[in-house]
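The values are calculated or read from the model by the stated rules, or taken from the named source; none is laboratory data. Owing to the predicted nature of the structure, the values given are computational and were not obtained by experimental measurement. Glycine gets a Cβ as well: all are built from the backbone with ideal geometry, and neighbour counts include every protein chain shown.
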Amino acid sequence: MRHTQLFTKTRKDAPKDEVSKNAQLLIRAGYIHKEMAGVYAYLPLGLRVMNNIQRVIREEMNAIGGQELAMTTLQNPAPWQKTGRWSDEAIDVWFKAALKDGGELGLAPTHEEPITALMQEYVSSYKDMPKYVYQFQTKFRNELRAKSGIMRTREFIMKDLYSFSRDEAQFREFYEKCAAAYMRVFTRVGIADKTFRTFASGGSFSKFSDEFQTVCEAGEDTIYIHRQKGIAVNKEVYVDEVLAELGMQKSELEEAKSIEVGNIFPLGTRFSDALGLTYKDETGAEVAPVMGSYGIGPARLMGTIVELLSDAKGIIWPKEVAPFAVHLVSITGGNDEIVAEADRIYEMLKDHGIEVLYDDRDARAGEKFADSDLIGIPTRLVISEKTMSQGGIEVVTRANGTTTFVSDSSLVEHLQN
């Protein structure tokens, strides 16, 4: 992509009503557009990052046996009424719409009910399980606190996976596989060193659920970290009884603000029972499957990365999720030879499958470098009169500012390695 063809532009200032760091930087760098409080559009650069994050998650979910589907956003009230969750008293973030011919539909905040109802057509025997299905799907939640940029919004994409197991043992085996897969996701997107598996309330479904909390001052949660064990406890279950059960003492724990970047949740047979989902076991008896739900919000992950991996100049994307691998910056000064050389390098990189954003604008060097820092692509290539005279290209690493001079002939190999 050439800068001159990119319809978005960088800007010096974020909207005055935008208080979160992640949204300020993403708006200024041209990744997102704020439609209204809690509602954001993803522009070409932002959509590339979002798609990369989803690719990482998808690869890890597929690796543990997940099968992807796409369910509907519009919700039939019937299954929700059976579980008692159609009322606003049970789920207080519903968006609902009246039908012109009477009745109403909901915009899904989550999908436990519809996936359980769907499984009635595909689960009848113990031989049909386990089943692990997931989706990337737009959810709607009427949030009161839509003030944390893209980390808490009213419209968002969620990766939600649902497991259906024969019994508790089979469920727990997958539950731990999913927990490990989540940590691989966080490693690949660059935040694992600050992310802790965190004991949290299981609500009405189980004693505990597991959250994955990333330490960050912008977080809305408070956790207590046991550094030696590499785990944490959410403030909501930070009581002596729970700590004793987990073998922890308050003196061993460190308080921190954090962002919930994922969760895995035992559901037991709560939804199976309510919706009449059963299978026949080896003896012919009707048994309710044991369920679990597993969520990651790609946008919340994107916002967390920006909150953590940025500096005074702008964003610092990890390679796995960056919109492009390379930012090619030409400093021409009106010199046609430099323009021709930059064009040649651009075409060469494309021919070798290296994704590159090419700043081919007629702009000052300072403006180009400032925009490059703000946009945050991991590697910057600089072509100028100086580099041409030396027969090579300047390679700058965004994360630490280190500069390497690489010859034209070895550039592709250098970038691929």
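Computed quantities for the displayed model
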quantity	calculated
Inter-residue pairs, beta-carbon under 6 Å, first in the same structural domain as residue 361 (by TED's automatic domain parsing) and farther than 18 Å from residue 409 by Cα and in the stretch 334-348, second part of a loop (DSSP other than H, G, I, E, B) and not hydrophobic (A, V, I, L, M, F, W, C), 6+ apart	339/332
Test set (1) at pLDDT 95 or above; (2) over 16 Å from residue 151 (Cβ atoms); (3) part of a helix (DSSP H, G or I) - residue 4 fails condition number	(1)
Counted residues, the stretch 200-252 - those being in contact with a Phe, Trp or Tyr (Cβ under 9 Å, 6 or more places away or on another chain) and on the phi > 0 side of the Ramachandran plot	2
Residue 319 vs. criteria farther than 30 Å from residue 116 by Cα, basic (Lys, Arg) and out of contact with any helix residue (DSSP H, G or I) (no Cβ under 8 Å at 6 or more places or on another chain)	yes
Test result for residue 188, over 30 Å from residue 79 (Cβ atoms) and out of contact with any strand residue (DSSP E or B) (no Cβ under 7 Å at 6 or more places or on another chain)	yes
Residue that is modelled with the lowest pLDDT, among those in the stretch 142-153 that are crowded, with 20+ Cβ neighbours inside 10 Å and in contact with a strand residue (DSSP E or B) (Cβ under 9 Å, 6 or more places away or on another chain)	148
Residue 301 under 28 Å from residue 21 (Cβ atoms) and in a helix (DSSP H, G or I)	yes
Which numbered condition residue 330 fails, given (1) in a helix (DSSP H, G or I); (2) buried (at least 18 other Cβ atoms within 10 Å of the Cβ)	(1)
Near pairs, Cβ below 6 angstrom, 6+ apart or cross-chain, from the stretch 103-123 (part of a loop (DSSP other than H, G, I, E, B)) to any residue that is of a type in the set (Phe, Trp, Tyr)	123/279
Unmet criterion (only one of (1) exposed (fewer than 13 other Cβ atoms within 10 Å of the Cβ); (2) at positive phi; (3) in contact (Cβ under 8 Å) with a residue 40 or more places away in the chain) for residue 416	(2)
Residue among 116, 72, 83 that is of a type in the set (Val, Ile, Thr), in the same structural domain as residue 165 (by TED's automatic domain parsing), surrounded by fewer than 21 Cβ atoms within 10 Å (Cβ to Cβ) and in contact with a Phe, Trp or Tyr (Cβ under 7 Å, 6 or more places away or on another chain)	83
Test: residue in the stretch 151-165 that is in contact with a helix residue (DSSP H, G or I) (Cβ under 9 Å, 6 or more places away or on another chain), within 30 Å of residue 280 (Cα to Cα), of a type in the set (Val, Ile, Thr) and outside any helix (DSSP H, G or I)	no
Residue that is part of a strand (DSSP E or B), closer than 30 Å to residue 126 by Cα and either touching a strand residue (DSSP E or B) at 6+ places or on another chain (Cβ under 9 Å) or at pLDDT below 95 (or both), where the choices are 267, 277	267
Test: residue in the stretch 167-174 that is in contact with a helix residue (DSSP H, G or I) (Cβ under 7 Å, 6 or more places away or on another chain), at pLDDT 95 or above and over 28 Å from residue 34 (Cα atoms)	no
Residue among 252, 282 that alone is among the acidic types (Asp, Glu), surrounded by fewer than 20 Cβ atoms within 10 Å (Cβ to Cβ), farther than 26 Å from residue 317 by Cβ and touching a strand residue (DSSP E or B) at 6+ places or on another chain (Cβ under 7 Å)	252
Yes/no for residue 193 being within 26 Å of residue 157 (Cβ to Cβ), of a type outside the set (A, V, I, L, M, F, W, C), assigned by TED's automatic domain parsing to the domain that holds residue 129 and buried (at least 21 other Cβ atoms within 10 Å of the Cβ)	no
Pair list, Cβ < 6 Å and 6+ apart or interchain, from the stretch 35-53 residues that are assigned by TED's automatic domain parsing to the domain that holds residue 10 to residues that are among the hydroxyl-bearing types (Ser, Thr, Tyr) and part of a strand (DSSP E or B)	50/42
Exclusive hit being farther than 20 Å from residue 23 by Cα, outside the structural domain of residue 43 (by TED's automatic domain parsing) and surrounded by 16 or more Cβ atoms within 10 Å (Cβ to Cβ), set 377, 393	393
Residue in the stretch 247-255 that is of a type in the set (Lys, Arg) and part of a strand (DSSP E or B) present	no
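Condition check ((1) modelled with pLDDT under 95; (2) in a strand (DSSP E or B); (3) under 18 Å from residue 374 (Cβ atoms)) across all residues:
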| site | (1), (2), (3) |
| --- | --- |
| 13 | yes, no, yes |
| 18 | yes, no, yes |
| 27 | no, no, yes |
| 52 | no, no, no |
